[in-house]
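Encoded as structure tokens, the structure appears first; notes follow it.
Just so it is clear, none of the values below were taken in a lab; they were calculated from the coordinates. The structure presented is a predicted model; accordingly, all values stated were derived computationally and were not measured. Cβ coordinates were reconstructed from backbone atoms using ideal geometry, including for glycine residues, and neighbour counts include every protein chain displayed.
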Amino acid sequence: MVNSRWSIISLALVLVACGSRPKPADVEVNDDYTPSPLTFCEDSAYQYVAQQCSYGPRTMNSRAHDLCGDWIAGKFRSFGLAVCDQYADGRLHDGTKIRMRNIIASYRPELSDRIIISGHWDSRPWADNDDDESKHTTPIDGANDGASSIAVLLELARVLSIATTDTLSDTIALPAIGIDFICWDAEDSGTHGRFSSSTWCLGSQYWANHRHADDYNARYGINLDMVGSAQTVFCRETISMQYAPTVVSRVWNIARKAGYGRYFLDADGGEITDDHVPLCRSGIPCIDIIGIDSEQGTFPRTWHTIDDNLDNIHRPTLKAVGQTMLEVIYNN
Ligand code: AHN
Ligand code: ZN
């Protein structure tokens, strides 16, 4: 079943790749789109991936996980954001007790009109999709699967903080919305091969049932996942289309207008269980921007393998997603 779904996606990608569509224009300006005054720096984002990987795999209950969580929270604080740590106890599918930590960093917390931009910061404890079976119990660095999305969130926070604190801030328009950057924990310790099960996305499931503030709400959410590998494209994910079709259209249109149309394809991506799902089900329309290998039409080749490390991080993909997020923030 999974195979036939992916073959449909592959077919769609082949059709697109065969040049049936015109080449996207570099920048298409029209009335409802104003380019962001801020520039996303992919070298900076790359360094944030490297820093997260330097602690070692961020598996649940590990020291590397603790240290990296402290670094992420401290980094958001250093950019002037208000950081809330949401701790919770949980259990993995094998019964292991875990201590979860969702990290919520709020930009312009005084504003009530808010959006969520999120990703998961834990890494998978098993390289169980590796060709080499002897690696199936080895933890992965999760440079792409985990660290790349958090790196984009951190770089967004950094450039937004420059806009607010720069002496020229009078001349740099601030975005009219508040943003909560949420780093989900315990996303990636689920059962291999059974992706629809509730063993995935434990941090976001907890948050959906216990928002960090009682009266908290957001207009919509955008979850990022695996946004840092080479030959990566993004397709319209099915659950995002069911719960938040206007957000998908808006983001994909803005990406095209900003010159990133070759990353954000007008193709169906199938249904993917990810951190956007608990939010959708709890009343916040949320989309998933999740990397797909443009040649294979599957998750990136390094997915859940020991090759998901810094060597396979590709700066242009970070840039395409990060800059698109800035354009969305300024054209909300
Ligand atoms: C699938 O739904 C196939 N996987 C769970 C989401 C995930 C795992 N994202 C990264 N790793
Ligand atoms: Zn994963």
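Can you tally the net charge around C41? Count Lys and Arg as +1, Asp and Glu as -1, for every other residue whose Cβ sits under 13 Å from the Cβ of C41.
Residues near C41 contribute 0 overall.
Indicate the gyration tensor shape class of the range 95-135 (rounded, prolate or oblate), computed on the Cα atoms with a ≥ b ≥ c the square roots of the eigenvalues: a/c under 1.5 is rounded; otherwise a/b larger than b/c is prolate and the rest oblate.
Prolate, since a/c reaches 1.5 and a/b exceeds b/c.
Just to confirm the filter: which trypsin sites (Lys or Arg not before Pro) across the range 169-252 are DSSP coil and have at most 12 other Cβ within 10 angstrom of their Cβ?
Values: sites: R194, R211, R219, R236, R250; in loops: R194, R211, R219.
Within the range 169-252, the qualifying trypsin sites (Lys or Arg not before Pro) (loop, at most 12 other Cβ atoms within 10 Å) are R194.
Exposure proxy check: K319, K135 ranked by fewest other beta carbons within 10 Å?
With the fewest neighbours first, K319, K135 line up as K135, K319.
Ranking F181, F234, F40 by Cβ neighbours within 10 Å, fewest first, what do you get?
In increasing order of surrounding Cβ atoms, one gets F40, F181, F234.
Give the shape of the range 229-332 as rounded, prolate or oblate, defined through the alpha-carbon gyration tensor: a ≥ b ≥ c are the square roots of its eigenvalues, a/c under 1.5 means rounded, and otherwise the shape is prolate if a/b is larger than b/c and oblate if not.
oblate
What's the exposure ranking of D113, D130, going from fewest to most Cβ atoms within 10 Å?
D113, D130
Counting only DSSP beta bridges with both residues in the chain, what percent are antiparallel, rounded to the nearest 5?
50
Exposed loop sites here are GluC sites (Glu not before Pro) in DSSP loop states with at most 13 other C-beta atoms within 10 Å. What is the longest stretch of the chain lacking them?
So the longest stretch without any such site is 111-294.
Shape of the range 109-194 from its Cα gyration tensor (a ≥ b ≥ c, root eigenvalues): rounded if a/c is under 1.5, otherwise prolate when a/b > b/c, or oblate?
Cα axes put the range 109-194 in the prolate bin.
Once Lys and Arg get +1 and Asp and Glu get -1 on their Cβ, which of Q52, L81, N129 lies farthest toward the positive end of the dipole of the chain?
Going by the Cα projections, it comes out as L81.
Quick one: putting +1 on the C-beta of Lys and Arg, -1 on the C-beta of Asp and Glu, what dipole do you get for the chain around its Cα centre, in Debye to the nearest 20?
360
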